[in-house]
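Computed from the coordinates by the stated procedures, all read-outs in this text should not be read as laboratory data. Please read these numbers as outputs of a predicted model, since none were measured by experiment. In this analysis, Cβ positions are derived from the backbone assuming ideal geometry, glycine residues included, and neighbour counts consider all displayed protein chains.
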Amino acid sequence: MSEVASEQKIIESIKPLIARLIHNFLSGTYEQRRESAIALSKFKGEKATDFLLQTYESDNIQDFLALALGNIESEKAVTLLVNALNDPQHEVRFNAAQALGMLEHPAALDILLETLHNYMETTVDSSVADPGQVFFEEDSIISAVMALGKIKNWRAIAVLKKLYEQEKSSRIRASAIQALGMLGSDKLLPVFQQALKDEDPRVRA
């Protein structure tokens, strides 16, 4: 069987899966829609990509769609995500910033820094929490931290250092150290030396 024929066979075999994911996205529960959107975004074929882009533009946007677009490497996806940074819903802005971070796009920097700053403020003093802000789940904070590491901007250093120093969650501390490592600055050597003495092996690693 030729390489072209082999590729065509693979494409034909995944069409039912894409159709099922689209069906779940259109008629499923919130969690099913979210999982389907993320799964569809990982297919590089035009059908899945076009469906997500068109839905993003025409549907009453769900926050998970912004995050799903982070797996789609196209100028149209980047444009939609940059526009989503001004969405009235903080959850949408946050997920759009994470998605742009996945694409290593600098437009995400400010909203990611702001979100982490707000998170650190609320963990120190719960009285400053804003009910309209995104709910700070651990996995979301880790995603934001790793997105900052991928963007590789020196402005992230102070926030990531502060996060490592005051954070109680070892998973978040470990992600902060990993993100700082992505920045590749010799000035961070003392921070890494301190991390080697951390009580949690995930941070020391």
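At-a-glance table
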| item | result |
| --- | --- |
| Whether the stretch 61-204 is rounded, prolate or oblate, judged on the alpha carbon gyration tensor where a/c under 1.5 counts as rounded | oblate |
| Karplus-derived HN-Hα couplings along the stretch 78-87 (A = 6.51, B = -1.76, C = 1.60, θ = phi - 60°), whole Hz, x at Gly and Pro | 4, 4, 4, 5, 4, 5, 5, 5, 9, 4 |
| Spin-label model distance (nm) - TRP154 vs LYS168, 7 Å beyond Cα toward Cβ | 3.5 nm |
| Peptides 174-182, 159-167 ordered by average Cβ neighbours within 10 Å, highest first | 174-182, 159-167 |
| Computed lengthening from GLU104 to GLU57, 0.36 nm per intervening residue step minus Cα-Cα distance | 14.7 nm |
| Net charge contributed by nearby residues that have their C-beta within less than 14 Å of ILE177 (K/R +1, D/E -1) | +2 |
| Computed label-point distance, nm, for sites LYS187 and ASP200 using a 7 Å Cα→Cβ extension | 2.6 nm |
| Entries in LYS152/LYS187; LYS161/LYS187; LYS15/LYS47; LYS150/LYS197 that, when Cα-Cα distance is taken, lie over 20 Å | LYS150/LYS197 |
| For the stretch 178-204 versus the stretch 27-49, the gap between their alpha-carbon centres in whole angstrom | 36 Å |
| Förster radius 35 Å - calculated FRET efficiency between GLU114 and ASP50 (Cβ-Cβ, nearest 0.05) | 0.60 |
